[in-house]
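What follows is a short report on a single structure.
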Number of protein chains: 2
Amino acid sequence: MSQPIYLDYNATARVRPEAIDAVARALTSVGNPSSVHAAGRAARNLVETARADVAALVGARAPAVTFLSGGTEADALAIDSGVADGVARLIIGATEHEAVRETAAASGLPVEVWPVDADGLADLEWLAATLADGPRALVALMLANNETGVIQPVAEAAALVRAAGGWLHVDAVQAAGKIDIDIDALGADTLALSAHKVGGPQGVGALVAGPRARLTRQLHGGGQERGVRSGTENVAGIAGFAAAARASSRDLPALTAQSAWRDELAERMQAAGAIVLGAAAPRLPQTLCVSTPDYASDLQVMNLDLAGVMISAGAACTSGKVKPSRVIEAMGQADLALTAVRISGGWATTEQDWIHCGDVWLEAHARLADRRRRVA
Amino acid sequence: MSQPIYLDYNATARVRPEAIDAVARALTSVGNPSSVHAAGRAARNLVETARADVAALVGARAPAVTFLSGGTEADALAIDSGVADGVARLIIGATEHEAVRETAAASGLPVEVWPVDADGLADLEWLAATLADGPRALVALMLANNETGVIQPVAEAAALVRAAGGWLHVDAVQAAGKIDIDIDALGADTLALSAHKVGGPQGVGALVAGPRARLTRQLHGGGQERGVRSGTENVAGIAGFAAAARASSRDLPALTAQSAWRDELAERMQAAGAIVLGAAAPRLPQTLCVSTPDYASDLQVMNLDLAGVMISAGAACTSGKVKPSRVIEAMGQADLALTAVRISGGWATTEQDWIHCGDVWLEAHARLADRRRRVA
């Protein structure tokens, strides 16, 4: 068998060589950034340089960035900060990541689910009407969906949220490094990032704050990250995050061009009866969510895995459990949910990877159809 | 100037080569442990193997270990879990780390501060009397103090806490890898660990649970770590943690022997008028907390740093701020607090490092005394 092909970047990206180097270098010299001696000052310098690099990935300035342990903690810090800031309700996109949904559910505040259309796009008229009728809200709308790649109309939502005096939290974990992001243009009050989705190490993320957001401390202790997030900084992880952020910005044109390879695969699968989810919506250039009637998601994943091609049935967090994609159900496409798979490329993905994935998928699909014909 | 000498392991240990290798290897092959394909299964395997290794560091079994972002989060998860389990008050050792103190203060429950004697040892009679008089308590007693190295009578405290039906949380962040730890012998209900204090990477830690502890989820989302701690696992960090844990166990005899070098330095400094904190208490073998009348902590740190020797004035978290050590104040030694420094060795520290530290310190101290004589 040839080298395995990894097409599950939305679960976790292959770590970029720049990030591996940055982590290794930091680990060989690491100090505690709170120490005043030479090693401590060097570690502090690494963290603060990285802060500017990560900020630049979303058009922000360094002081806007709070480093923490990942996207889940970033979503939690944003929502908890909004609650502490006095919002009286939470409005949550119907296709938000579980980190947002579950945190909202645990907040104790009323949670309203903001519907999406059949392509997964949030309904702005619904938002306008809902904001007009009720107390101050924190609104959570992800920039791009992790399963479908659908890109939400965040700037339009932000204008509505701002007019209503609300707080807009944008989970940009899956969008970062895949499309150009400018926090000011988006109008987000808080924006969540995760290093491992942009080719950095797992276990590090950031919450980027807009000018109106007041963050409330969540972890108490030594007072790191300006008192907002205690705990010794993950210096090597932060350095790796920054290296990946820089490389992601550099590679954005190449990643954008990957949509052509993605679309060619989609066409081949569609010719075999598959249906692309979110086809009419703007989408991330390297994500394909596609459902094939009578071909169970987990069987597709298994068949491809046996052939050395790694893809996913829905989000990684839940893909261990056999249950329909909640995202696809929210799009009103429940009949497609149990036969959908996600194929997602990244910085190291080649055209040949997409083609080979299609070859393998089509072959397995044809074998299945053949078997069924003989049984029938 | 010769190679700088790092004697601030209690702030953060030099990362062990085994840990650097393990992190680098994991980063080159990393998948999401929740993915079902080959890369996901390999990542899951790394995490679960590491879980057993980290458990072994404290005599526990793998299922007892919950991985999270560090010691601060481990302390928070323990205290929040105790609160969710229905304790009505918190009893906190007077010399606990800020991660414990600040989390307790934010809990909303009454907090009683458990006094220590002049050597920093917790007063067991006070605990017995306090437990006898009041509702169910969570008691937090660190295994070894980060500033003085003083080792608390945890097993004795555990017997009292158990008899009272309470919850004992043991912050073992600073003790792990420096003394032998057995969670059953200690009788801890929860025990906090941090990778970067045992020579692993920063940004990863663990909470180890005893048989009676019920952990409450703190971060909500994908349901990782058996639902207790959501967020994609820090696979490379966890692998590095495990490698460091294994190496720490292997090197424990060598570290234990380091107390002789530490004591030789203490004698030289005492001969120049310095006072050892916690001298009569059992202490970590590689920690020296020493106060020198009329020689400000930060001046000592600076003088040594200029000579290429890195030590600390109190805990790293707060050492950026000039304020007296709260730990030393709690020992009733406030007059020693502003002139105390902490010198702490680790796995890569040599006898020559301790000797050179003494040479440099004595030279700077003599220079200061000489300057003062000439001014007088």
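The values are calculated or read from the model by the stated rules, or taken from the named source; none is laboratory data. All values reported here derive from a predicted model rather than from experimental measurement. Positions of Cβ are backbone-derived with ideal geometry, glycine not excepted, and every protein chain shown enters the neighbour counts. Side chains included, ligands, DNA and RNA excluded: accessible areas come from the protein's heavy atoms. Shrake-Rupley method; radii C 1.70, N 1.55, O 1.52, S 1.80 Å.
Side notes on the structure shown:
- Selection status of A:Val139, open to solvent by less than 20 Å² (accessible area, probe 1.4 Å), of a type in the set (A, V, I, L, M) and more than 28 Å from A:Gly237 (Cα to Cα): yes
Yes/no matrix, rows are residues, columns are (1) at the interface with another protein chain (Cβ under 10 Å from one of its Cβ atoms); (2) open to solvent by less than 10 Å² (accessible area, probe 1.4 Å); (3) closer than 21 Å to B:Val30 by Cβ:
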position	(1), (2), (3)
A:Asp21	yes, no, yes
A:Gly31	yes, yes, no
A:Gly40	yes, yes, no
A:Ala52	no, no, no
A:Gly59	no, no, no
A:Thr66	no, yes, no
A:Ser81	no, yes, no
A:Gly86	no, no, no
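- Residue satisfying condition, being within 17 Å of B:Asn146 (Cα to Cα) and either touching an Asp or Glu at 6+ places or on another chain (Cβ under 6 Å) or within 14 Å of chain A (Cβ to nearest Cβ) (or both), within set B:Val276, B:Val341: B:Val341
- Residues in segment A:227-262 that are over 20 Å from the mean Cα position of the chain (by Cα) and polar (S, T, N, Q): A:Ser230, A:Thr232, A:Asn234.
- Boolean, B:Asp251 is more than 10 Å from chain A (Cβ to nearest Cβ), assigned to a helix (DSSP H, G or I) and open to solvent by 10 Å² or more (accessible area, probe 1.4 Å): yes
- Some residue of segment A:231-238 being under 21 Å from A:Asp353 (Cα atoms), part of a helix (DSSP H, G or I) and of a type outside the set (Gly, Ala, Ser): no
- Of all residues in segment A:174-184, those that are surrounded by 24 or more Cβ atoms within 10 Å (Cβ to Cβ), within 22 Å of A:Ala62 (Cβ to Cβ) and not β-branched (Val, Ile, Thr) total 3.
- Condition met for A:Gly223 (assigned by TED's automatic domain parsing to the domain that holds A:Arg44 and under 30 Å from A:Ile355 (Cβ atoms)): no
- Filter pass, A:Thr287 being more than 14 Å from chain B (Cβ to nearest Cβ) and either in contact (Cβ under 8 Å) with a residue 24 or more places away in the chain or surrounded by 22 or more Cβ atoms within 10 Å (Cβ to Cβ) (or both): yes
- Filtered residue count, segment B:159-173, keeping only those that are surrounded by fewer than 23 Cβ atoms within 10 Å (Cβ to Cβ) and closer than 17 Å to B:Pro115 by Cα: 1
- The set of residues in segment A:56-79 being outside any helix (DSSP H, G or I), touching a strand residue (DSSP E or B) at 6+ places or on another chain (Cβ under 9 Å) and farther than 14 Å from A:Asp189 by Cβ consists of A:Val65, A:Phe67, A:Leu68, A:Ser69, A:Gly70.
- Note on segment B:336-376: residues that are open to solvent by 10 Å² or more (accessible area, probe 1.4 Å) and aliphatic (A, V, I, L, M) total 11.
- Residue in segment A:296-307 that is touching an Asp or Glu at 6+ places or on another chain (Cβ under 9 Å), surrounded by fewer than 24 Cβ atoms within 10 Å (Cβ to Cβ) and closer than 23 Å to A:Val116 by Cα present: no
- Test: residue in segment B:223-234 that is acidic (Asp, Glu) and at negative phi: yes
- Tallying residues that are buried (at least 24 other Cβ atoms within 10 Å of the Cβ) and of a type outside the set (Val, Ile, Thr) within segment A:144-156 yields 6.
- None of B:Gly237, B:Gly223 is among the small types (Gly, Ala, Ser) and crowded, with 22+ Cβ neighbours inside 10 Å except B:Gly237.
- Any hit, segment A:356-366, residues being charged (D, E, K, R) and either over 18 Å from A:Gln3 (Cβ atoms) or without any contact (Cβ under 8 Å) to a residue 60 or more places away in the chain (or both): yes
- Considering segment B:300-313, the residues that are under 25 Å from the mean Cα position of the chain (by Cα) and hydrophobic (A, V, I, L, M, F, W, C) include one that is nearest to the other protein chains (Cβ to nearest Cβ), namely B:Met310.
- Some residue of segment A:310-323 being over 25 Å from B:Glu233 (Cβ atoms) and of a type outside the set (S, T, N, Q): no
- Per the conditions (1) open to solvent by 10 Å² or more (accessible area, probe 1.4 Å); (2) over 23 Å from the mean Cα position of the chain (by Cα); (3) under 27 Å from A:Ala39 (Cα atoms); (4) not hydroxyl-bearing (Ser, Thr, Tyr), the sole criterion not satisfied by A:Ala271 is (3).
- Any strands (runs of 3 or more DSSP E) falling wholly within segment B:89-142 and containing at least 3 residues that are more than 22 Å from B:Glu73 (Cβ to Cβ), more than 14 Å from every other protein chain (Cβ to nearest Cβ) and out of contact with any Cys (no Cβ under 6 Å at 6 or more places or on another chain): B:111-114
- Scanning segment B:145-198 for residues that are free of Cβ contacts under 8 Å to residues at least 60 places away in the same chain and assigned to a helix (DSSP H, G or I) yields B:Val154, B:Ala155, B:Glu156, B:Ala157, B:Ala158, B:Ala159, B:Leu160, B:Val161, B:Arg162, B:Ala163, B:Leu186.
- Test: residue in segment A:211-220 that is open to solvent by 20 Å² or more (accessible area, probe 1.4 Å), under 30 Å from B:Leu27 (Cα atoms), in contact with a Ser or Thr (Cβ under 9 Å, 6 or more places away or on another chain) and at pLDDT 95 or above: no
- Considered as a group, the residues in segment A:317-335 that are surrounded by 23 or more Cβ atoms within 10 Å (Cβ to Cβ) and in contact with a strand residue (DSSP E or B) (Cβ under 7 Å, 6 or more places away or on another chain) include one that is modelled with the lowest pLDDT, and that residue is A:Ser319.
- Of the residues making up segment B:4-19, those that are more than 7 Å from chain A (Cβ to nearest Cβ), under 21 Å from A:Gly240 (Cα atoms) and crowded, with 23+ Cβ neighbours inside 10 Å number 3.
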